[in-house]
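Asks: Before we start, here is the structure in question, set down as structure tokens.
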Amino acid sequence: MPAYKAPLRDIRFLMNELLDYPAHYQTLSNGESADADTVEMILESAADFCENVLSPINQSGDEEGCHFKDGEVTTPKGFKEAYDQFVQGGWQGLSYPEEFGGQNLPMSLNLIKSEMMGTANWSFTMYPGLSMGCMNTIMQFGTEEQKNIYMPHLVAGTWSGTMCLTEPQCGTDLGQVKSKAEPNDDGSYNISGTKIFISAGEHDLTENIVHIVLARLPDAPAGTRGISLFIVPKFTPTAEGTVGERNTVSCGSIEHKMGIRASATAVLNFDAAKGYLIGEPNKGLHAMFTFMNTARIGTAVQGIAHAELAFQGSLPYAKERMSMRALSGKKDPEKVADAIIHHADVRRLLLTQKAIAEGGRAMIYSAALLADKMTDALAQGDQAKFDEYDDKLGFFTPILKGFLTELGLEAANHGMQVFGGHGYIKEQGMEQIARDARIATLYEGTTGVQALDLIGRKVLLSSKGKVVREYTAEILKFCGRHARNKYMRRFAWDLTKICAQWNALTVRIMLAARKDRDVVSSASVDFLMFSGYAMMAYYWAQQAAVASEKLESGTGIETPEFYKAKIKVADFYFERILPRTQGHAESMVNPSRTMMSLPTEHFSFDY
């Protein structure tokens, strides 16, 4: 398993040179504390924790997995000690209000910390990661009493949280939820039902687990309009807010999984467990989307985390492994063969990994600015501003989640490919990265679900294509500023063409859907991938612009190699990866006929 090294140089580049986080923080009500010294201390401390505590137990945690016995789950060796250090470091409360024990720093810093943690050890990071969505839901929809009871413990990290949506008969289609909520005289509810695939649903890291559960009231309407949201703690809090009696929620089993084996995925049985309504009756799905959006952005981080770790593993190997001679002539004449990094196809694999990791990181960090503004608007009670930033982030979310997880899986597979047969062997750790990455395209909504959300809800239904027009207008302004730059004009021209095509494709699908409703679904994944490649191209062009300006000025540059590498990777992206958009463009505008014309009864393996 590669020993993780936090890419602090690239992180600082994005924060300080590309996206100007310092100026952004000055616009936030809680940004004053995010001064340069504080931010640097957080980055360095997080890197140290991830490199020296989390990374060393990543492979061993995968090999051991979680243990289940009599309803109790034990995490792998070293996880409890690492989590105690996580709590002692105050990492869970980094971006939560001081009144609940947090540090009240911008949400983006929490995301950057999570990226480092996730790259070092994704299985571990899922335990505190699920708590953030729980906290965000309680903060936005909980009563003052609920906030005062649960938030201090969740912020401290001594309690953790989950999201309980999926049931045996339903996953994405939450209208089929059957769990029931019967009201009690004291204002609480008895929650009954079974939830499956519950990440961090049971473990030994915290003294209590707070479940956020979807269930139906007795008089609830059918479908998604009849779902309510409840807080169901593993242990019912006492009046003083401490751990009280054990609630009637139990873990029936944990899943045996392909990857993220050190993260417990539980089947939870609620047997008239005491729960408390959060938000309005029958409007639980609306509140749950706060949780889901948090989880989806967190999953998008998983895409770049696995790309980064795969790159960190395969790059040293490519420099050390000797095999054949380079076609352009001997590179290591004193040795029996040349290092495989001198072969063009191996460089294709490495450059693709690097382009995905660094391009995706720029996309995520840009979206984090919107998350900061959303959180700030909520804290200030400005609903209009909150809705504005929520809409903008809503456009990013399915692209980040769907596109980056697909590319993260590609990068993980490339990591194995660089190693050749050795990549398939467990000891190297590369196959674990590929196994861990596979789930990212599935949970929190598969790539197909994200694609339907993007084109169906965000682009066609909600905005009639306006959201694409507004985003491409931003890109075109960038192109206009750089159109006369000798180096940048080629990027500007390619981006201009992509923007025009993106808008044209949106209109074509919109018109086609009037006669062929299935075209929305048949085109959706191609549309999402096209959108992702176009968006990543924009961020690579921006990185190239900053790098070229730095090199041209020649002042204050300690590592010119860093900026030169940015330009070379941008070149590679535009020449070798961006052309993928054309295959997606051609495919998405075809009618749905070839997908839908084969009769269902003719789908068979035994004629």
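The values are calculated or read from the model by the stated rules, or taken from the named source; none is laboratory data. What you see is a predicted model; the values in this text were computed from it and never measured. Positions of Cβ are backbone-derived with ideal geometry, glycine not excepted, and every protein chain shown enters the neighbour counts. Quick note on the areas: whole protein, heavy atoms, side chains included, nothing else; ligands and nucleic acids left out. Shrake-Rupley method; radii C 1.70, N 1.55, O 1.52, S 1.80 Å.
Asks: Rolling a 1.4 Å sphere over the protein heavy atoms, what is the accessible area per residue of the chain, to the nearest Å²?
Replies: Per-residue accessible area for the chain comes out at 43 Å².
Asks: Which values, in whole Å and largest first, are the semi-axes of the equivalent ellipsoid of the range 6-83 obtained as the square root of 5 times each eigenvalue of the Cα gyration tensor?
Replies: Ellipsoid semi-axes (Å, largest first): 36, 15, 10.
Asks: Return the carbon/sulfur percentage of the accessible area of the range 287-457, one whole number, probe 1.4 Å, all protein chains in place.
Replies: 56 percent
Asks: Restricting to Cα pairs below 8 Å that are 6+ residues apart, what does the relative contact order work out to for the chain? Please round to a whole percent.
Replies: 12 percent
Asks: In whole percent, what relative contact order does the range 505-570 give with Cα contacts below 8 Å and a gap of six or more residues?
Replies: 25 percent
Asks: Ok, one more. What value does the chain have for Rg/Rh, both radii from Cα atoms and Rh as Kirkwood defines it?
Replies: In the chain, Rg relative to Rh is 0.97.
Asks: Rounded to the nearest Å, what's the spacing between the alpha carbon centres of the range 456-523 and the range 149-222? Just the number, please.
Replies: Each part reduced to its Cα centre gives a spacing of 40 Å.
Asks: Here's something else I'd like to know. Find how many whole Å separate the alpha carbon centroid of the range 9-57 from the alpha carbon centroid of the range 524-583.
Replies: Spelled out, the Cα-based centre of one part sits 22 Å from the other.
Asks: Checking the cross-link filter: which aspartates and glutamates have an alpha carbon closer than 20 Å to that of Lys497, excluding same-chain neighbours under 8 positions apart?
Replies: Leaving aside aspartates and glutamates fewer than 8 places away in the same chain, those within reach of Lys497 are Glu470, Glu474, Asp526, Asp571, Glu575, Glu586.
Asks: Summing +1 for each Lys or Arg and -1 for each Asp or Glu, what net charge is found among the other residues whose Cβ lies under 14 Å from the Cβ of Asp37?
Replies: Charge balance near Asp37 sits at -3.
Asks: Cut-off under 18 Å on the C-alpha distance; same-chain residues fewer than 8 positions from Lys330 excluded. Which lysines are left, in chain and number order?
Replies: Result set, ordered by chain and number: Lys319.
Asks: Charges only on Cβ, +1 for Lys and Arg, -1 for Asp and Glu: so what's the dipole of the chain about the Cα centre, in debye to the nearest 20?
Replies: Using only the charged Cβ atoms, the result is roughly 2680 debye.
Asks: With unit charges on the beta carbons (Lys and Arg positive, Asp and Glu negative) and the dipole taken about the Cα centre of the chain, which residue among Val267, Ser33, Leu309 sits farthest to the positive side?
Replies: Value computed over the given set: Leu309.
Asks: Give me the net charge of Ala337's neighbourhood, meaning all other residues with Cβ under 14 Å from the Cβ of Ala337; Lys, Arg count +1, Asp, Glu -1.
Replies: +2
Asks: Using +1 on the beta carbon of Lys and Arg, -1 on that of Asp and Glu, and nothing else charged, what's the dipole of the range 466-595 about the Cα centre, debye to 20?
Replies: 400 debye
Asks: Counting only other residues whose beta carbon sits under 13 Å from that of Lys319, what net charge do I get with K and R as +1, D and E as -1?
Replies: Around Lys319, the charge tally is +1.
Asks: Mind checking Rg over Rh on the range 287-457, alpha carbons, Kirkwood formula for Rh?
Replies: 1.13
Asks: Let me ask you something else. Any chance you could give the angle, 0 to 90 degrees and rounded to 10, that helix 519-553 forms with the longest Cα principal axis of the chain?
Replies: Orientation of helix 519-553: about 60 degrees from the principal axis.
Asks: While we're looking at this one, here's another question. Rank-order 91-97, 72-78 by packing density, defined as the average count of other C-beta atoms within 10 Å over each peptide's residues, highest first.
Replies: Per-residue Cβ counts within 10 Å, averaged per peptide and sorted highest first, yield 91-97, 72-78.
Asks: While we're on this one: With the cut-off at 32 Å, tell me which of the pairs Lys69/Lys274; Lys195/Lys458; Lys195/Lys464; Lys5/Lys486 have Cα atoms farther apart than that.
Replies: Lys195/Lys464; Lys5/Lys486
Asks: Please list, or write none, the aspartates and glutamates whose alpha carbon is within less than 13 Å of the alpha carbon of Lys385, excluding same-chain residues fewer than 8 places away.
Replies: Straight-line reach from Lys385, under 13 Å: Asp372, Asp376.
Asks: Hey, could you grab the Kirkwood Rh for the range 466-595? Inverse mean 1/r over distinct alpha carbon pairs, Å, one decimal.
Replies: It works out to 16.0 Å.
Asks: Also: Over the range 494-574, with every protein chain in place, what whole percent of the accessible area is carbon and sulfur at 1.4 Å, could you tell me?
Replies: Looking at the range 494-574 in its full context, I get 52 percent from C and S.
Asks: Distance between Cα centroids, the range 95-131 to the range 272-332: provide it in whole Å.
Replies: 15 Å
Asks: Can you pull the Kirkwood radius for the range 254-373, inverse mean 1/r over Cα pairs, to one decimal in Å?
Replies: Computed over the range 254-373, the radius equals 19.0 Å.
Asks: A further question on this structure: Sorting check: for 431-440, 191-200, 590-599, 46-55, which peptide has the highest mean count of neighbouring beta carbons within 10 Å, and how do the rest follow?
Replies: 431-440, 191-200, 46-55, 590-599
Asks: Taking the mean number of other Cβ atoms within 10 Å as a proxy for protection, how do you rank 311-322, 349-360 from highest to lowest?
Replies: Highest to lowest by the protection proxy: 349-360, 311-322.
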